[in-house]
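The values are calculated or read from the model by the stated rules, or taken from the named source; none is laboratory data. Worth saying up front: this structure is predicted, and the values here are computed from it rather than measured. Cβ placement follows ideal geometry from the backbone for every residue including glycine, while neighbour counts extend to all protein chains displayed.
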Amino acid sequence: MEYLLEVKGLTTQFNSKKGPLTVVDHVDFNVKKGEVMGIVGESGCGKSVTSLSILQLLDKAGEIKDGQILFKNINLLKKKEKEMRIIRGKEISMIFQDPMSSLNPVLTIGRQIAEIMEKHEKLPKPMVKKKVISLLNTVGIPRASEIYEEYPHRLSGGMKQRVMIAMAIACNPSLLIADEPTTALDVTIQAQILELLRSLKDELGMSILLITHDLGVVAEMCDRIVVMYAGQVVETADTRTLLRHPKHPYTNGLIQSQPHQSKGERRLKSIPGQVPTPDKFGAGCRFAERCENVMEICSSASPPLVSIDGQSSCRCWLYSDKEEMTI
Amino acid sequence: MANISKTLESLEMQTTLVKKQPSSLKLNFLKEIGSNKRARYSLFFLLLVILIGVFAPLLAPHDPEKPYYEALLHGPSKEHLLGTDSIGRDLLSRLLYGIRATLTAASIAVAITFTIGTFIGLISAYIGGIIDNILMRIMDVLLALPTIVLALAIVAILGPSLANAMIAVGFASIPGFARITRGAALTIKSSGFVEASRSIGSSHSWILLRQFLPNIGGVLLVYTTLFIGVAILDTAALSFIGLGAQPPTPEWGTMLAEGKNYIYQAWWLATFPGLAITSVVFSVNFLGDALRDMFDPKSMGR
Amino acid sequence: MTSKLLEVKGLHKSFPLKNSLFQQKRFVHAVNGVTLELNEGETIGIVGESGCGKSTTGRCILRLIEPTSGEIIFQGKDITKIRKQEMKRFRRDIQMVFQNPMDSMNPKLTVAEIITEPLIAHSIPKEHRYRILKETMELVGLSESQLNRYPHEFSGGQRQRIGIARAITLRPKIVILDEPVSALDVSVQSQILNLLQDLQEELGLSYIFISHDLGVVEHIAHKVGVMYLGELVEFADKDQLFTEPLHPYTKALISAIPKSDPDEVKERIILQGELPSPANPPAGCKFHPRCAHANETCMSLNPILTDVNGRKVACHLYQE
């Protein structure tokens, strides 16, 4: 049982007026025990849908068409909704970008966290309150016993995100999925929250699946990174290799387009054009139109995700002849 | 030479630019009405009623004001399909002619409401501050009275007649309409593009006409439609109590009032005008509701 | 060589707070004594966290929000003193690009109508409008075939191009950019930043670039001002500011940017506590509750912005 979570060939479709759109297309990746795995990509690359698919939290329009989601070697897609409800929160929990929309405005902070505990663990009431307050302390909320009685709107954005994290770790989950957890926050608060996540991971020994568009955040947080583009995984590698020696032209372009990478150059390197929408995915490589290394084959056939030296993999015709084994 | 041709070309382009946009928007709108079942059926019914009103002289079997003394209070028969009233006038013919008075009165009333209400609402929202406060407090005071009471007061001053009734109904509805317009305009006022327009230095009238109106047009259309229903009811109500259309003018409210005296002897006299009012008001409201669904703010961004 | 184009002196804006009947009237000091200088062809960046008053500062310069006090001197004239009608003349020279292009454009107007609005507002004769429109579209990299489309038909990056086009149709001297790339993805963000730099060169524009993203500001600005709770705490040349920040807040802010370089070793300063509410700021130096170097002076006395080696900083550490 090397992997805590293994996603194999996950394919998710959304129904639209023009027919089904494949938003997540045969996505493979895994998360080891105790590691932080990052999923990076721009808006519309399917990273959020991937995370929602893992917990089967898609709304009616979305449907998982294919693939396996193995959590502790058990396929979650075979579970009934009732069983999933026990897994959510207790085994795998999730925090979102916008903490306000995930908190109930008419219940006190304490009540909301206590509810989760009462649901998953049968504890007597006074015990629960004690545990909630110690949990609020753990996530760095000052005056925890006062905050226990507060309503969400009285807290700042950073504090709300801390409450969300407290709710997420209430039942000691083995996997925390964090979907853009710091995007809505100021930089100094973001630094605090990232620090908190790092220390919680070590203390509780949980794995984190961190979804973000910010390469800086993954560089600081993650052990390994998955790069997604237009619904597909285009590259996976450990953080150092990926940021130092990116293989896929998209990863390279993404790293180069960050303003602080300009190194005194006046012009930034940028990727021309824009991300195609799911209804415009062609037969070829989805990045071909924007790629500077585009070859003839790129527009006609979609490259497979090939493994490179067993550790990393890349979906690009530049590398696919090196080793023919697809994973 | 080259300059002139360029200028011509640019002028041409500009006119096409200006022309293209509204027509395509209008087309979309009509298409959408067509695709909405409720909107389609109620609009169809209303158009039919209007057409019947217009062609009443051709369709009506009898003169609406001619008494048939041999047929007083006759029930529905072959000769008089919906029966006759106390002085022997043909009810069907009177109903058909009644469309004219009823719908004209309602339309004019709503036109008054729309023009003045939109103006007050827009100005109030746009200027804000003290002007907004004064205008809205006046509206609040007027809103404290039921529309019909306000209309009664106005007719009492102007004197009973159909023309005065529609003016009264039109003015009495202004407070409600102004409030709605103001509410819609306030959301536009806080939007980024109004701020952008101000930063550019556009004039107030430009901002009101080009930034506000196109964006609250949908809401205004919905409420104008709903207000037509109210106006029909209110003018009919004024006529019913004798302050609107004066006999012998065929008008549904007046006819209903005449019918109520004979409700035990001649049920058809009150029933058919009542049904006419109900069905028209019902379909106007139905149309308004369908339009509201179409202009739902959530679907606006598409 | 370079001449002073815009000078902001002691800009102050306070908003009244809604208060209960018998309380004394209280104010939020959103912008508190901000002083800036903008030279021709230059970009100054204003950075700070949410609620620090950076956007309000931008809007005050355009008088979209009326400043409470202070001077804004543009081409030798204090534009806070002139009447609103006269202000229109100056709006031609100072334009603005907003953060959210979708919100700042009327969804019911076409691109052509959006971009020509400034031309109509400033009575540019009809026969020139189309030529200017075409030139501007070319400048920002949009094609003529897109003129009759509506904003929602465009992607985020293209929409921001339209927003920029609208701001430069009148060929202004200053463009105030309020978080122009914050809503965009990285790969598109770099396209827009390049475009802004190209336009600056080609049209000789001066920018006031407001952003919370220090990485972006480091790239595009020549001088940078750091704001905290309505006050300018440091103002310096970009290189000085980023290599050797003086104010403890600037230091913390710079160290908090996550860097994507895995080998960069850096000293991380994690600030304690939260941003205090602007309605109820701490006494003395507003930063002292979160500052590692705070002493008794800081708690009682608010430091003023003073010159330190050719740059400006508001901190007791650098004052005699």
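For the reader, a short list of remarks on this structure follows.
- Any hit, the range B:109-119, residues being closer than 29 Å to residue B:271 by Cβ and in a helix (DSSP H, G or I): yes
- Restricting attention to the range A:119-129, the residues being in a helix (DSSP H, G or I) and closer than 14 Å to residue A:88 by Cα number 2.
- The residue pairs whose first member lies in the range A:190-206 and is among the basic types (Lys, Arg), whose second member is crowded, with 22+ Cβ neighbours inside 10 Å, and whose beta carbons are closer than 6 Å, counting only pairs six or more residues apart or on different chains, are A:201/A:208.
- Scanning the range B:258-271 finds no residues that are under 17 Å from residue B:107 (Cβ atoms) and in a helix (DSSP H, G or I).
- Residue-level analysis places residue C:206 among those that are among the hydroxyl-bearing types (Ser, Thr, Tyr), more than 9 Å from every other protein chain (Cβ to nearest Cβ) and closer than 30 Å to residue C:307 by Cα.
- The conditions of being within 14 Å of another protein chain (Cβ to nearest Cβ), out of contact with any strand residue (DSSP E or B) (no Cβ under 9 Å at 6 or more places or on another chain) and farther than 30 Å from residue A:242 by Cα are not met by residue C:279.
- When residues in the range C:270-301 are screened for being touching a Gly at 6+ places or on another chain (Cβ under 6 Å) and farther than 27 Å from residue A:195 by Cα, 4 of them pass.
- Boolean, residue C:187 is within 23 Å of residue C:7 (Cβ to Cβ), within 12 Å of chain A (Cβ to nearest Cβ) and surrounded by 20 or more Cβ atoms within 10 Å (Cβ to Cβ): no
- Criterion applied to B:242, B:229 was being at positive phi and more than 10 Å from every other protein chain (Cβ to nearest Cβ), and the one residue passing it is B:242.
- For the range C:165-184, a residue qualifies if it is more than 14 Å from chain A (Cβ to nearest Cβ) and either of a type outside the set (A, V, I, L, M, F, W, C) or more than 15 Å from the chain's Cα centre (by Cα) (or both), and the qualifying residues are C:165, C:166, C:168, C:169, C:170, C:171, C:172, C:173, C:178.
- Taking the criterion of being among the hydrophobic types (A, V, I, L, M, F, W, C) and without any contact (Cβ under 8 Å) to a residue 60 or more places away in the chain, the residues of the range C:24-70 that qualify are C:27, C:60, C:64, C:65.
- Qualifying position, being away from chain C (no Cβ under 14 Å), of a type in the set (A, V, I, L, M) and part of a helix (DSSP H, G or I), among A:159, A:164: A:164
- Residue tally, condition over 15 Å from residue C:29 (Cβ atoms) and touching a Ser or Thr at 6+ places or on another chain (Cβ under 7 Å), over the range C:280-310: 1
- When the residues of the range C:198-214 are filtered to those that are small (Gly, Ala, Ser) and farther than 14 Å from residue C:49 by Cα, the one that is surrounded by the most Cβ atoms within 10 Å (Cβ to Cβ) is C:206.
- Of the helices (runs of 4 or more DSSP H) that lie entirely inside the range B:1-103, not one contains 1 or more residues that are within 14 Å of chain C (Cβ to nearest Cβ) and modelled with pLDDT of 75 or more.
- Of all residues assigned to the range C:129-142, none qualifies as being under 22 Å from residue C:196 (Cβ atoms) and in contact with a Pro (Cβ under 7 Å, 6 or more places away or on another chain).
- Residues that are among the polar types (S, T, N, Q), assigned to a helix (DSSP H, G or I) and surrounded by fewer than 16 Cβ atoms within 10 Å (Cβ to Cβ), drawn from the range A:67-104: A:101
- Condition check for residue C:65: of a type outside the set (Ser, Thr, Tyr), within 16 Å of the chain's Cα centre (by Cα) and part of a loop (DSSP other than H, G, I, E, B): yes
- Residue list for the range C:88-99, restricted to those being at the interface with chain B (Cβ under 8 Å from one of its Cβ atoms) and aliphatic (A, V, I, L, M): C:96
- Taken over the range C:100-140, the residue count meeting the criterion of being within 19 Å of residue C:205 (Cα to Cα), more than 8 Å from chain B (Cβ to nearest Cβ) and crowded, with 20+ Cβ neighbours inside 10 Å is 6.
- Matching residues, the range C:141-155, being hydroxyl-bearing (Ser, Thr, Tyr) and more than 11 Å from chain B (Cβ to nearest Cβ): C:143, C:145, C:155
- The range C:67-91, residues that are modelled with pLDDT of 90 or more and either closer than 25 Å to residue C:275 by Cβ or surrounded by fewer than 18 Cβ atoms within 10 Å (Cβ to Cβ) (or both): C:67, C:68, C:69, C:70, C:71, C:73, C:78
- Selection from the range A:136-152 of residues that are assigned to a helix (DSSP H, G or I), at pLDDT below 90 and buried (at least 18 other Cβ atoms within 10 Å of the Cβ): A:138, A:144, A:147, A:152
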